[in-house]
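Asker: I have a structure I would like to understand better, so I am pasting it below and will then ask my questions one at a time.
The values are calculated or read from the model by the stated rules, or taken from the named source; none is laboratory data. All figures in this text were calculated on a predicted structure; none of them were measured in a lab. Cβ: placed from backbone, ideal geometry, glycine included. Neighbour counts: every protein chain shown. Keep in mind that these areas ignore ligands, DNA and RNA; they rest on the heavy atoms of the full protein, side chains included. Shrake-Rupley method; radii C 1.70, N 1.55, O 1.52, S 1.80 Å.
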Amino acid sequence: MNSYKKAIHKNFKENTFFRWGCIITVLILLLVVVGLFWMPYEPTAMNAAEKLKGISLRHPMGTDNMGRDVLSRVMYGSRITLLIAAGTVAIGTVAGTIIGALTGYFGGMLDEIIMRIIDALFAFPSILLALVIVSIFGIGWIQLLLALGIAFVPSFARIVRGEVLRCRNMDYVENARLQGVSDFRMIFVHILPNIRGVLMSSILIGFNNAVLAEAGLSYLGIGSQPPYASLGKMLSDAQQYMFGNPSYVLCPGIVIVLMVLGFSFLGEGISRWK
Amino acid sequence: MEIILDVTDLHIEFHDHDQPEVAVEDFDLMLGEGEIVGIVGESGSGKSMSALAIAGLLNRKSLTKSGRIMFDGTDLLTCDRKKLRSYQGDEISIIFQEPMTSLNPVKRIGWQVEESLYIHHREISKEDRRKRAVEMLGSVGLADAENVYYMYPHELSGGMRQRVMIAAAMIGNPKILIADEPTTALDVTVQAQIVELLKKINRERNTSIIFISHDLSLVSQLCQRVIVMQHGNIVESGRCSDIFSRPRHLYTKRLIAAIPRIDLGDDKDRR
Amino acid sequence: MSEDICLRASNLSVFYKNRKRKLFSKNKKIQALFDVSFEMKDGEVLAIAGESGSGKSTLARTIVGINKDYTGEIYQKYDRPQMVFQDPYSSLNPAKKIGWLLKEPLRVDRSCKWSEAEAQKRVEEIMEEIELPLAILDRYPSQLSGGQRQRVCIGIALMRSPKLLIADEPVSALDVTIQAQILELIDNLHRKHGISIIFISHDLRVVYKVSDHVLIMKNGRVEEYGSTRQVYREPQAEYTKQLLKAAGIK
Amino acid sequence: MKYIIKKLFMMIVTLLVVSICVFLAFNIIPGDPALRMLGTEASPELVEQTRQEMGLNDPLPVRYGRWLFGFVQGDFGTSYNYKIPVKDMVISKVPITLTMAVMAFLLTILISIPLGILTARHEGGLLDRILMVTDQIVMSIPPFFSGILITLIFGMVLRLFTPGGFTNYTVDVGKFIRYLFFPSLAIALPKVAMTVKMLRGSLLDESMKDYARTAYSRGNNTNGVLYRHVLKNAMIPVITFLGMALADMVAGSIVIEQVFSIPGISRILMTSISNRDYPVVEAIIMGIAMIVISVNFLVDVVYRIVDPRIGLEE
């Protein structure tokens, strides 16, 4: 464990991507965690006297067209965005890993059928698939979570299936089989630990895609409904005021960018691990 | 015999890690015209490194080289890149261990075989290039050279690919051919054919060959002289027959002892 | 027939499924072995020699039960034969430590339950057998040299004291001096425990050194079968002569 | 040729599976389409009659067959809300969305391939590092936010185009293209960033391979190895990615059309979703899926041309 600490310390010092990834991610997490306990204002509280104010000490990110404090809304919105992204990735990873591992390992007719369906689902860009699901089950953040989760299953299933297929024909799997290891044990004890690395990087990438998809969909008005804040919706509301009051549109936008950037820097840093 | 390549005090060092790593130390080699010299050693002995250095293919930034590699009155280590390139593929050619990966998978065989001509002899017309490539493919023992010319590497077997590699290396009629474990990835019977082919090239074209291998018995079939390497150093060098009959260095003795002996005459005494 | 036959294959033909996209290709089967027959006595070393594509690995995989699609008959006196693979770099699970890998055969042993102490004791016995220091138990395969890995592979195969060991080109990925050490180790084990060994190799010199009987294969067929010395002295098949010549023996 | 026929067949199979998925998805939704068309005050008899007319009483497979048959012939159904054929609502908008996606695709190729080669050639250098950091940042900007930034910078500050001043292609094709340039750029930017990163990685991987060493050994200079040998190999994974990116761009245009208030497919799609006008949603989704699947087929064909190994192993 000590060597882990040392490696992280060393990378924090020498690996620029890793360092900035850590810093940005910690900042964003701080924003969210502090928001759980304390926010400068109630995110839904309107104040007609303070509409569309720029950046000031009282409102570090200014106010919106209804006089609500943008910082508080950003804190609330990033919490929702992170939650949905994490949920999406969790659904995608768990379901994708199970489907991919089983089909990849056993093969056969079931594999053919499931892979055809996965291919078909893959033909839909994830935003589109989410739109279909939302149009069927209605609008709201739970539906959004479900929709994105399902939309993310195919890519995880494909990746895991490919990896399991690759591992399945390796000598060490056959070696284990000769010793009498059961199929179940083979998949979960022998094979899955070997695809940790690939899974880890697809989780990081998937997380970013989930944040971007959530933001995009809530920009379209699917997701958290007013008066609750979501980062994407804030941007679409702010768009018409962007010339007069740029801070209203820039602040939530930059928070989304930082959220994604932090994780992609982390991913890049890990791939350049020293 | 005229000396055409003279390597002295070749020293190669890697700087990938905190500590510099010495890959080759004090490597000397004199190669006469039409001579076949073998370099023998196990993995990590520096034999391939030396070969790559002679072929001018060690150009990584994290690496330092010193010494002299004299060819045609030029030091290949210090001369400018353009001069070096004018020799590569035209005067000095190299073939590698893995004929599978050493050929470009998306280019036709003919294109790859005649590339050296394209680079070094632009004056040769396209049609002449093609003629020479087909001729060359035929002379390395590929039946149906006309067809092979239009094929892709994946359509050939390992032995055929190595023949293609040899054809591509020999098309400019180089003075030196470096063969870096050319038979290791091949079956024994194919191995023997490739060794025969190298002998034939040496005989007919008077090409000098540097033959690198981990297999001492193979080297003894082909080479007049042999250099034994271990951990980046030359431990012994001399005439092939001398080294076999009177190995001086302990490591050479171990290498020879590792070849299973076959005594067909008497009763086996292995148990 | 006699009691001491430990393995007999009669008229063995093995097929491979064409595993790719079955929607179009009509499940074409590829025959890899044609009518292979041989028998092997208890405690003997049988070598299977041939070039790539000769079917020697297929034969090994059929005997241990990895290939199930065959016709003909395999008689085995003992169950659960073990195998040592060619490439020591791919035959050890890179995600597990050596100690864990050595204990795995005991963990999945259905015939008897091993306590942690018994398992540890067995691991230590085997480590002594394969001449590796105990410190290695705590390492990952990537931290070992090729020769050490191949020793570990042999150790794993020996954990449950098999009576038949199949070594599929166990030394061809190794340096020559290491090769000699591994061959010596296999020879020691053979003599000490009387394990029957099927030794697969393309190297006719190595084959001569280790085996009692030899099976020369080409394109899935047996070209020649006999006592090693006899075959090397007076090869009958044209192909055997070619092989011996290429290896510089005759 | 055999390979292409095979892939064509695969494409049709995938299309069928997709159509079944889409059809089922929109037919298991609770709620009676007839009722939705007529409104809640309609008499039960009228509803029943409409159901009969719409064929809603037939078993599911029959309805699927009819729907598919209609779809193939260009009959996409009738909108619940506007009571007009979906085809009439959609057909004039398709060129707008498609033009935008294709322009974005071309921009992606034109920008990313030179940049990818540039960064790979300067690997480890200052230029490479600056470009790679920029690349990561661009990748992290969601397209709608870059759309907003582009509007702010190019539209409002630099006044290179008039935000909201869309001109339809029926009026003036030149102005139409000019207006779509900036939205296309917004769609393309993240894809450019990803393609650059991918091409760079692929080029570096390929240039480490044995055949690149062989190429050097024949006297090639760095450019010779790069353009004559490595580039074609490095493009193979990039082609797959670009195919998927084109599909994504068609979907990405949904968001961008909203940002730049372009009256394309997306506006109809979004209104139809919130109005639960299923036939319209169904037709648009199916249409996009068809485009995506055909693009995948084209990618397979290009793939076969670039990589001679494909389709021959079996």
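Asker: Which net charge results for the neighbourhood of B:GLN221, defined as the other residues with beta-carbon distances under 12 angstrom from its beta-carbon, given Lys and Arg at +1 and Asp and Glu at -1?
Answerer: Taking every Cβ under 12 Å from that of B:GLN221, the sum is 0.
Asker: How large is ³J(HN,Hα), in whole Hz, for each residue of region D:205-210 in order, when computed from phi with the Karplus curve 6.51 cos²θ - 1.76 cosθ + 1.60 and θ = phi - 60°, using x for Gly and Pro?
Answerer: Per-residue couplings from phi come out as 4, 5, 6, 8, 6, 4 Hz.
Asker: Further question on the same structure: Between A:SER56 and B:ARG203, what is the label-to-label distance in nm when each label sits 7 Å out along the Cα-to-Cβ direction?
Answerer: The two pseudo-label positions are separated by 9.9 nm.
Asker: Grab the beta carbon distance between B:GLN224 and B:ARG122, set R0 = 41 Å, and tell me the FRET efficiency rounded to 0.05.
Answerer: Taking R0 as 41 Å, the efficiency between B:GLN224 and B:ARG122 is 0.65.
Asker: Okay, next question. What is the set of long-range amide H partners of C:GLU224 at a cut-off below 5 Å, with H atoms built 1.01 Å from backbone N?
Answerer: C:ILE216
Asker: Same structure, new question: Express the Stokes-Einstein translational diffusion coefficient of region A:155-238 in µm² s⁻¹, to the nearest whole number, given a Kirkwood radius over alpha-carbon pairs, 20 °C and a viscosity of 1.002 mPa s.
Answerer: So the translational diffusion coefficient is about 137 µm²/s.
Asker: With charges only on Cβ, +1 for K and R and -1 for D and E, what is the dipole size of region C:86-161 about its Cα centre, in debye, rounded to 20?
Answerer: Magnitude of the dipole: close to 280 debye.
Asker: Taking only C-alpha pairs under 8 Å that are 6+ residues apart, what is the relative contact order of region B:98-173 in percent?
Answerer: In percent, rounded to a whole number, it is 48.
Asker: What figure in square angstrom, to the nearest 10, would you give for the accessible area of B:SER241 with a 1.4 Å probe?
Answerer: Here the residue's solvent-accessible area equals roughly 70 Å².
Asker: On average, how much area does the Cα convex hull of chain B cover when viewed from any direction, in nm²?
Answerer: If I average the Cα hull's projected area over directions, I get 17.3 nm².
Asker: Still on this structure, please answer the following. So how strong a dipole does region C:95-250 carry about its Cα centre when Lys and Arg Cβ are +1 and Asp and Glu Cβ are -1, to the nearest 20 debye?
Answerer: With only Lys, Arg, Asp and Glu charged at Cβ, the dipole is about 240 debye.
Asker: Taking the convex hull of the Cα atoms, report for region C:86-161 its projected area averaged over all directions, in nm².
Answerer: Mean projected area of the Cα convex hull: 4.8 nm².
Asker: As a check on your grasp of the helix formula, calculate [θ] at 222 nm for chain D: sum -39500 (n - 2.57) over DSSP H runs of n ≥ 4, divide by the residue count, round to the nearest 500.
Answerer: Result for chain D, helices only: -24000 deg cm²/dmol.
Asker: Given a Förster distance of 60 Å, report the FRET efficiency between B:ASP16 and C:ARG221 from their Cβ-Cβ distance, rounded to the nearest 0.05.
Answerer: Efficiency computed from Cβ-Cβ geometry: 0.75.
Asker: Still on this structure, please answer the following. Can you compute 3J(HN,Hα) from phi for each residue in region C:109-120, using the Karplus curve 6.51 cos²θ - 1.76 cosθ + 1.60 with θ = phi - 60°, rounded to whole Hz and x for Gly and Pro?
Answerer: Going residue by residue, I get 6, 8, 7, 7, 8, 9, 7, 4, 5, 4, 4, 4 Hz, with x marking Gly and Pro.
Asker: Same structure, new question: If you average the sequence gap of Cα pairs under 8 Å that are 6 or more apart and divide by the length of chain C, what percent do you get for the contact order?
Answerer: For chain C, the relative contact order is 26 percent.
Asker: Using amide H atoms built in the peptide plane, which far-off residues or other-chain residues are under 5 Å from C:VAL84 H to H?
Answerer: Placed amide hydrogens put C:ILE166, C:ALA167, C:ASP168 under 5 Å from C:VAL84.
Asker: At a Cα cut-off below 29 Å, give the lysines reachable from D:LYS93, other chains included and same-chain residues fewer than 8 away excluded.
Answerer: Qualifying lysines at Cα under 29 Å: A:LYS233, D:LYS83, D:LYS175, D:LYS191.
Asker: For the protein assembly as shown, with equal point scatterers placed on the C-alpha atoms only and solvent neglected, what are the log10 I(q)/I(0) values from the Debye formula at q = 0.06, 0.10 1/Å, to two decimals?
Answerer: Each listed q corresponds, in turn, to -0.62, -1.38.
Asker: Would you list the P(r) distribution for region B:1-120, with all Cα-Cα distances sorted into 5 Å bins from 0 and each bin expressed as a whole %?
Answerer: 2, 9, 18, 21, 20, 16, 10, 4, 1, 0
Asker: What value in Å³ per residue do you get for the convex hull of the alpha-carbon atoms in region D:96-223?
Answerer: Taking the convex hull of the Cα positions in region D:96-223, it is 134 Å³ per residue.
Asker: For chain D, state the semi-axes of the equivalent ellipsoid (square roots of 5 times the eigenvalues of the alpha-carbon gyration tensor), sorted largest first and rounded to whole angstrom.
Answerer: So the three semi-axes of chain D are 44, 27, 14 Å.
Asker: Enumerate the lysines that B:LYS65 could reach by cross-link, defined here as Cα to Cα under 23 Å, with residues fewer than 8 away along the same chain left out.
Answerer: Straight-line reach from B:LYS65, under 23 Å: B:LYS47, B:LYS82, B:LYS83, D:LYS209.
Asker: If region B:157-271 were replaced by its equivalent ellipsoid, with semi-axes equal to the square roots of 5 times the Cα gyration tensor eigenvalues, what would those be, largest first, whole Å?
Answerer: Over the Cα atoms of region B:157-271, the semi-axes work out to 28, 19, 13 Å.
Asker: Another question, if that's okay. Among the listed pairs A:LYS5/A:LYS274; A:LYS6/D:LYS197; C:LYS41/C:LYS163; C:LYS29/C:LYS68; C:LYS41/C:LYS68, which are separated by more than 18 Å between their Cα atoms?
Answerer: Flagged as over cut-off: A:LYS6/D:LYS197; C:LYS41/C:LYS68.
Asker: For B:ILE178, which sequence-distant residues (separation of 5 or more, or a different chain) have an amide H within less than 5 Å of its own amide H, given hydrogens modelled in the peptide plane?
Answerer: Sorted by chain and number, the residues that satisfy this are B:SER93, B:ILE94, B:ILE95, B:ILE210.
Asker: Rounded, prolate or oblate: which one fits region C:113-212, using the alpha carbon gyration tensor with axes a ≥ b ≥ c (rounded when a/c is under 1.5, else prolate when a/b beats b/c, else oblate)?
Answerer: oblate
Asker: For region A:72-121, compute Rg over Rh where Rg is the Cα radius of gyration and Rh is the Kirkwood radius from the inverse mean 1/r over Cα pairs.
Answerer: Computed over Cα atoms, the ratio is 1.28.
Asker: Hey, another quick one. Would you list, by chain and number, the lysines whose Cα falls below 18 Å from the Cα of D:LYS7, excluding same-chain residues fewer than 8 positions away?
Answerer: The qualifying lysines are C:LYS20, C:LYS22, C:LYS26.
Asker: Provide the per-residue ³J(HN,Hα) series for region B:42-48, in order, calculated from phi with Karplus coefficients 6.51, -1.76, 1.60 and θ = phi - 60°, each as a whole number of Hz, with x at glycine and proline positions.
Answerer: After applying 6.51 cos²θ - 1.76 cosθ + 1.60, I find 8, 5, x, 7, x, 5, 6 Hz.
Asker: What is the Å³ per residue value for the convex hull set by the Cα atoms of region B:98-173?
Answerer: Expressed per residue, the convex hull around the Cα atoms of region B:98-173 is 78 Å³.
Asker: What residues of region A:141-163 lie in the reach of a label at D:ILE28, counting those whose backbone N is under 19 Å from a point 7 Å from the Cα along Cα→Cβ?
Answerer: Once the point is set 7 Å along Cα→Cβ of D:ILE28, A:143-154 turn out to lie under 19 Å by backbone N, inside region A:141-163.
Asker: What's the local net charge at B:PHE14, with K and R +1, D and E -1, over the other residues with C-beta under 12 Å away?
Answerer: -1
Asker: Given 37 °C and 0.692 mPa s, how large is the Stokes-Einstein diffusion coefficient of chain C in µm²/s, with Rh as the Kirkwood radius over Cα pairs?
Answerer: 171
Asker: If you filter region A:5-43 for trypsin sites (Lys or Arg not before Pro), then keep DSSP loop positions with at most 13 other Cβ within 10 Å, what is left?
Answerer: Passing sites in region A:5-43 do not exist.
Asker: Also, quick follow-up: Based only on Cα atoms, what Rg/Rh ratio does region A:39-167 have, Rh being taken as Kirkwood's radius?
Answerer: With Rg and the Kirkwood Rh in hand, the quotient comes to 1.22.
Asker: A further question follows. Among D:ILE268, C:GLY146, B:LEU63, flag the residue with its Cα farthest along the positive direction of the charge dipole of the protein assembly as shown, charges on Cβ as +1 for Lys/Arg and -1 for Asp/Glu.
Answerer: Comparing the listed Cα positions along the dipole, D:ILE268 ranks first.
Asker: Could you let me know the centre-to-centre spacing of region C:200-216 and region B:194-231, using Cα atoms, in angstrom?
Answerer: Region C:200-216 and region B:194-231 have Cα centres spaced 26 Å from each other.
Asker: Starting from the Cα of D:LEU56, step 7 Å along the direction of its Cβ; do the same at B:ASP6; then give the gap between the two resulting points in nm.
Answerer: The two pseudo-label positions are separated by 9.9 nm.
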